[in-house]
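What follows is a single structure, written as structure tokens, with notes after it.
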Amino acid sequence: MRDKRVIIGNWKSQMNTQAIDEWFRIVSSIANEEIHKRHLSFEYTEVVICVPFPYLSQIHGLARTLPFPLHVGAQDISPYGPGAYTGAVAGYMIAQFASFVLIGHSERRSLFGEDESVLEEKVLQAKAAGITPVYCVSEETAPIPEEVSIVAYEPVWAIGTGKPDTPENAQNTAHALRERNTHVTHVLYGGSVTGENADEFLAQEDIRGVLVGKASLDPSLFWEIIVHAVE
Ligand code: PGA
């Protein structure tokens, strides 16, 4: 894992079962054609797609039909274990279908009021269930729980705005995050990543992958970003 790049798509609260079938049909057909033609190797890259809970099972099945390994991720996890927690989705349930989970995304922090203590509980639940947490922060001084090894640096003003951070600033922040948190092996960049700018971020020494929102909804755009990591 240490040497690998990590490309993560985040569909947020979007997509439906039909659109998902179509997304997989398109990714599968492009990948089948290009993997061979362009000699693409997935040995040093993990590709993950983080999806809404109701689709985890469908995507777990569809992922196996692709000609490259696609890991399934959730976008949230209960801070509690199993029990009387109406509406909550516990780690062991997610672990049946997914191996990654986003924790601390800025939308969860700002719109759902999640604070550091609840995020820490979520990380512990993910680890207990054997799920890899991807912990999102917006600045280098953000506290990061000890158990976290993958961090996504996503400046709030770059998310969904079409205005990404500069690769230089993202590199400096990634470097600072790694210096401050020696348990972190991977810092990803997220915020308005596209097929056009992904390679500039991936070229930075301390940036080991990207977290992609909007562009991951479009199968061709997401594939373009994957290709930058595996080519
Ligand atoms: P964006 O979202 O790529 O649409 O900016 C990134 C994110 O929220 O993870």
Item to complete: Taking the Cβ of residue 164 as the centre, find all other residues whose Cβ is under 14 Å away and add up their charges (Lys, Arg: +1; Asp, Glu: -1).
Response: -4
Worksheet item: Suppose every K and R has +1 on its Cβ and every D and E has -1 on its Cβ; what is the size of the dipole of the chain about the Cα centre, in Debye to the nearest 20?
Response: 580
Worksheet item: Which FRET efficiency value, to the nearest 0.05, is calculated for residue 115 and residue 86 with the Förster distance at 22 angstrom and r the Cβ-Cβ distance?
Response: 0.60
Fill in: Charge context of residue 228, other residues only, Cβ under 11 angstrom, K/R +1, D/E -1
-4
Worksheet item: Under 23 Å Cα-Cα from residue 122, which lysines qualify once same-chain neighbours fewer than 8 residues away are excluded?
Response: 12
Item to complete: Starting from the Cα gyration tensor of the chain, take the square roots of the eigenvalues, sort them a ≥ b ≥ c, and report rounded, prolate or oblate (rounded when a/c is under 1.5, otherwise prolate if a/b is larger than b/c, else oblate).
Response: oblate
Practice prompt. On a C-alpha basis, how far is the centre of region 14-61 from the centre of region 77-105 in Å? Whole number, if you could?
Written response: 23
Discussion item. Between residue 64 and residue 147, what's the calculated FRET efficiency when r is the beta-carbon distance and R0 is 30 Å? Round to 0.05.
Written reply: 0.55
Practice prompt. Could you calculate the FRET efficiency of residue 14 with residue 57 from 1/(1 + (r/R0)^6), where r is the beta carbon distance between them and R0 is 22 Å, rounded to 0.05?
Written response: 0.80
Response to the item:
Note on region 3-120: alpha-carbon gyration tensor, axes a ≥ b ≥ c; rule is a/c under 1.5 for rounded, else prolate if a/b larger than b/c, else oblate; result prolate
Response to the item:
The local net charge around residue 38, scoring Lys/Arg +1 and Asp/Glu -1 for residues other than residue 38 whose Cβ lies under 13 Å from its Cβ, equals -3
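None of the figures in this text is laboratory data; all of them are computed from the coordinates on show. Computed from a prediction, not measured in an experiment: that's the story for all the values here. Positions of Cβ are backbone-derived with ideal geometry, glycine not excepted, and every protein chain shown enters the neighbour counts.
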